[in-house]
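Okay, structure first, notes after.
The values are calculated or read from the model by the stated rules, or taken from the named source; none is laboratory data. As the structure is a computational prediction, the values presented were derived from the model and not from experiment. Here the Cβ is made from the backbone with ideal geometry for all residues, glycine too, and neighbour counts use every protein chain on show.
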Amino acid sequence: MKTLRRNFLKIAAVAVLGWGVRPASQLLASGGGAEPSEGLLFASRHSVHAGPNALSAKRWAMVIDTAKLNEKVMEEIQHVCHTLHNVPNIPGKQNIKWIWETHMEHLFLEDLHEYQPEAGAKSALALCNHCDNPPCVRVCPTKATFQREDGIVMMDFHRCIGCRYCMAGCPYGSRSFNFMDPRPYIETTTPDFPTRTKGVVEKCEFCAERLAEGKMPACVEVSEGALTFGDLADPESEVRKLLAERFSIRRSPTLGTKPCVYYLV
Amino acid sequence: MLEKAINGSKVYWGWIAFLLLLMSIGAACYWQQLSHGLTITGMSRDVTWGFYIAQFTFLVGVAASAVMLVIPKYLHDYHKFAKILILGEFNAVAMVILCLLFIVADLGSPQRLMNVLLHPTPNSVLFWDMVVLNGYLLINILVGWVTLEAERKQIAPPKWIKFFIYLSIPWAVSIHTVTAFLYCGLPGRGYWLTAVLAARFLASAFAAGPAFLILVTYIAKIFTGFDPGKGVLPTLGKTVVYAMCVNLFLLLCEVFTVFYSQIPSHMAHLQYLFVGYHGHGVLVPWMWSAMIMAVVGILILIVPKNRQQDNLLIIGCLLIFIGAWIDKGLGMIGGGFVPNPLHEITEYVPSQLELGVSLGIYATGFLVLTILYKVAIGVKQEVE
């Protein structure tokens, strides 16, 4: 009887030890191989998986030329984005927005003054800034929101517990929560993109699914030149040329989030 | 010892039945929330945390108050507190259970709750809040139960329990500090982005928590004849009033910093709460009521003579408790989200179903509290 118990304890101890070591070995192995390298404990950057034609960059960024934005273009952009991504059209204050139109004075609280009423009342687009130092990723308790190596901040709709900490953390109001089942509010469902369930957070993902197929983000494609998308790390890229030539601002840069959506004004 | 909970008077069983009724109302409301989502609440895209998270924040403070008994008893040998120590510890147990229930009620996808353990993320303060809250729950169950059992057998509690009693002191501070860190580390939320937040949370906790303890001890005294001992509650009342003074002082520090610096994104929230902002001010009457209650409560309890009188002590504690509840349970969370980072104003008022769920959760917490207190007081009276 005694030996039996001792043996049981031995096996149990080894099992516990093995279970304890396993994650550590995973931690060491991350980075190499084809498996997604999710940080076991701390949020870390995920490697990008893409097909043969995929567009790739070291650091994706967007430049918005506010002078080229007009009502028609902005409406088309919102329509295309929200249709492609099955964003529901929910009336009221529990709505969901990936890219939306708002006044410059709301976007750039600290950069405008009262003697430029026209500039303040002008409309522009707001979307996720895909910050280099994203507070949403920092606060997420499950790594359901994470950053890829190319800078895109993504959402795992199947892991999100709906605590909405990321929404408190985001200083740009770029995130939306599914207060209800969104499916009845989707006019035409795009089968290529997942619909969401109630109780999870969602937001713009810089069309990561299109980049993987070699396509530009949908908003850029229909923007008639108002939106430019490219590699911030490449000095020859279109975005870098625009940023070098023109005066640009970012939303609340003093917060240290390092937003990667630039506005030409 | 648990058998003490199933031996009670008609009043006891009536109270239990009443709580069970409230719990079933809460369960019915929660069923609505589970089927339709958080849309049944008053929350919105701009105000993403509401009544649930505010109650959690407030109750963490009430839970932490046990330390205001443990410190005098174990670090200063103030043995008069020995008799009500167990009430503080069991109160902490019930309050932490309430906190956890409110967090779960607030989740959009509660079925995925275990993801917090499956994908541990130490860079999230929520992860640490889970660790410290559950830790504090276990410590207080352990300490409360072991010391009570020893008391029943009329032997000295085992020596090893001392370790957990001392551990409970910094742990109590940690639960409210980490809870404050949930908020004060967020860029773009001016109302919370202040280093005094954790200190203010602790100060208001050490006012509201002991005030609650005093009130429930009086209730226990009425229904069971439990005698806390002469001068015990007035002494605890001193803790209440001093802590509330510190809380008000820290609030004034905040008001000075915000309004003398004149930084708009920090001023907007206090303006919204106390005078209204661009015509919106649903919380203004509440906040002023809280301030008046806090000040009147302090004026009553700061006079040592008043603390000796049962009626004045009860009124003072009620005022301070309700004042702190409004400040944290209504203003702290709602005020932080209005205006939003784009300087747009969406106000928040909890919905009836949301309040129904909260009622059910509170009833659950009080059920736990009642049962634990029944056991504790039963044991004490048996020994006597």
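Residues A:PHE206, A:PHE229: which one is at pLDDT 95 or above, assigned to a loop (DSSP other than H, G, I, E, B) and among the aromatic types (Phe, Trp, Tyr)?
A:PHE206
Enumerate the pairs (first residue in segment B:184-202 and at negative phi and without any contact (Cβ under 8 Å) to a residue 24 or more places away in the chain; second residue anywhere and of a type in the set (Val, Ile, Thr) and part of a helix (DSSP H, G or I)) with beta-carbon separation below 8 Å, excluding pairs fewer than 6 apart on the same chain, so at least 6 apart or on different chains.
Between residues of segment B:184-202 that are at negative phi and without any contact (Cβ under 8 Å) to a residue 24 or more places away in the chain and residues that are of a type in the set (Val, Ile, Thr) and part of a helix (DSSP H, G or I), the close pairs are B:LEU186/A:VAL139; B:ALA198/B:THR177.
From the residues in segment A:181-220 that are within 14 Å of another protein chain (Cβ to nearest Cβ) and among the acidic types (Asp, Glu), which one is farthest from B:PRO110 (Cα to Cα)?
Filtering segment A:181-220 for residues that are within 14 Å of another protein chain (Cβ to nearest Cβ) and among the acidic types (Asp, Glu), the one farthest from B:PRO110 (Cα to Cα) comes out as A:GLU202.
I need a count of the residues in segment A:34-57 that are closer than 17 Å to A:ARG210 by Cα and in contact (Cβ under 8 Å) with a residue 12 or more places away in the chain.
So the count comes out to 10.
Considering only residues of segment B:33-53 that are among the polar types (S, T, N, Q) and either closer than 15 Å to B:LEU359 by Cβ or touching a helix residue (DSSP H, G or I) at 6+ places or on another chain (Cβ under 6 Å) (or both), which is farthest from the other protein chains (Cβ to nearest Cβ)?
The selected residue is B:GLN33.
Tell me, which residue of segment A:88-107 that is in contact (Cβ under 8 Å) with a residue 40 or more places away in the chain and within 10 Å of chain B (Cβ to nearest Cβ) is farthest from B:MET43 (Cα to Cα)?
Looking at the filtered set, the residue picked out is A:LEU107.
List every residue pair whose Cβ atoms lie under 9 Å apart, where the two residues are 6 or more positions apart in sequence or sit on different chains, the first residue falls within segment B:151-179 and is farther than 26 Å from B:CYS99 by Cβ and free of Cβ contacts under 8 Å to residues at least 40 places away in the same chain, and the second residue, located anywhere, is part of a helix (DSSP H, G or I) and of a type in the set (S, T, N, Q).
These pairs meet every condition: B:PRO157/B:THR147.
For segment B:138-164, which positions are over 18 Å from B:LYS374 (Cα atoms) and surrounded by fewer than 20 Cβ atoms within 10 Å (Cβ to Cβ)?
B:LEU138, B:GLN154, B:ILE155, B:ALA156, B:PRO157, B:PRO158, B:LYS159, B:TRP160, B:ILE161, B:LYS162, B:PHE163, B:PHE164
Is at least one residue of segment B:97-109 more than 14 Å from chain A (Cβ to nearest Cβ), part of a loop (DSSP other than H, G, I, E, B) and either in contact with a helix residue (DSSP H, G or I) (Cβ under 6 Å, 6 or more places away or on another chain) or in contact (Cβ under 8 Å) with a residue 60 or more places away in the chain (or both)?
no
Being part of a loop (DSSP other than H, G, I, E, B) and of a type in the set (Gly, Ala, Ser) is the filter; apply it to segment A:232-265 and report the residue that is nearest to A:ASN70 (Cα to Cα).
If we take residues in segment A:232-265 being part of a loop (DSSP other than H, G, I, E, B) and of a type in the set (Gly, Ala, Ser), then A:SER252 is nearest to A:ASN70 (Cα to Cα).
Name every residue in segment B:247-278 that is of a type in the set (Val, Ile, Thr) and crowded, with 19+ Cβ neighbours inside 10 Å, in order of residue number.
Within segment B:247-278, B:VAL258 is the sole residue that qualifies.
What helices (runs of 4 or more DSSP H) lie completely within segment B:266-348 and have 2 or more residues being free of Cβ contacts under 8 Å to residues at least 12 places away in the same chain?
Because the criterion is at least 2 residues that are free of Cβ contacts under 8 Å to residues at least 12 places away in the same chain, the helices (runs of 4 or more DSSP H) in segment B:266-348 that meet it are B:284-301, B:304-308.
As an exercise: evaluate B:LYS73 against (1) among the charged types (D, E, K, R); (2) free of Cβ contacts under 8 Å to residues at least 60 places away in the same chain; (3) outside any helix (DSSP H, G or I) and give the number of the one condition it does not meet.
Among (1) among the charged types (D, E, K, R); (2) free of Cβ contacts under 8 Å to residues at least 60 places away in the same chain; (3) outside any helix (DSSP H, G or I), B:LYS73 violates only (3).
Residue check: is B:GLY281 small (Gly, Ala, Ser), crowded, with 20+ Cβ neighbours inside 10 Å, touching a helix residue (DSSP H, G or I) at 6+ places or on another chain (Cβ under 9 Å) and more than 14 Å from every other protein chain (Cβ to nearest Cβ)?
Judged against the criteria, B:GLY281 is not a match.
From the list B:ILE6, B:ILE71, B:ILE16, which one is more than 14 Å from chain A (Cβ to nearest Cβ), at pLDDT 95 or above and within 30 Å of B:ALA150 (Cα to Cα)?
B:ILE16
Kindly indicate whether B:LYS80 is part of a helix (DSSP H, G or I), without any contact (Cβ under 8 Å) to a residue 24 or more places away in the chain, surrounded by fewer than 24 Cβ atoms within 10 Å (Cβ to Cβ) and in contact with a helix residue (DSSP H, G or I) (Cβ under 7 Å, 6 or more places away or on another chain).
no
Filter segment A:154-179 down to residues that are small (Gly, Ala, Ser) and facing chain B (nearest Cβ under 7 Å) and give me whichever is surrounded by the fewest Cβ atoms within 10 Å (Cβ to Cβ).
Checked segment A:154-179; the qualifying residue surrounded by the fewest Cβ atoms within 10 Å (Cβ to Cβ) is A:GLY173.
Regarding B:THR147, is this residue within 14 Å of chain A (Cβ to nearest Cβ), part of a helix (DSSP H, G or I), touching a residue at least 60 places away in the same chain (Cβ under 8 Å) and polar (S, T, N, Q)?
Spelling it out, it is not the case that B:THR147 is within 14 Å of chain A (Cβ to nearest Cβ), part of a helix (DSSP H, G or I), touching a residue at least 60 places away in the same chain (Cβ under 8 Å) and polar (S, T, N, Q).
Is it the case that B:ALA180 is away from every other protein chain (no Cβ under 13 Å), out of contact with any Pro (no Cβ under 9 Å at 6 or more places or on another chain) and either of a type in the set (Val, Ile, Thr) or under 30 Å from A:PRO135 (Cα atoms) (or both)?
yes
Are any residues in segment B:110-121 part of a loop (DSSP other than H, G, I, E, B) and in contact with a Leu (Cβ under 8 Å, 6 or more places away or on another chain), and if so, which ones?
Within segment B:110-121, B:LEU113, B:PRO120, B:THR121 meet the criteria.
Would segment B:309-331 turn up any residue that is of a type in the set (D, E, K, R), surrounded by fewer than 21 Cβ atoms within 10 Å (Cβ to Cβ) and out of contact with any Leu (no Cβ under 6 Å at 6 or more places or on another chain)?
yes
For every residue, the table says whether it meets (1) away from chain A (no Cβ under 14 Å); (2) within 26 Å of B:ALA27 (Cα to Cα); (3) in contact with a Cys (Cβ under 6 Å, 6 or more places away or on another chain).
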residue	(1), (2), (3)
B:ALA294	yes, no, no
B:LEU301	yes, no, no
B:PRO304	yes, no, no
B:LEU313	yes, no, no
B:ILE320	yes, no, no
B:PHE337	no, no, no
B:ASN340	no, no, no
B:GLU354	no, yes, no
B:THR370	yes, yes, no
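Condition (residue is within 14 Å of chain A (Cβ to nearest Cβ) and in a helix (DSSP H, G or I)) applied to segment B:19-32: is it met by at least one residue?
Yes, the conditions are met somewhere in segment B:19-32.
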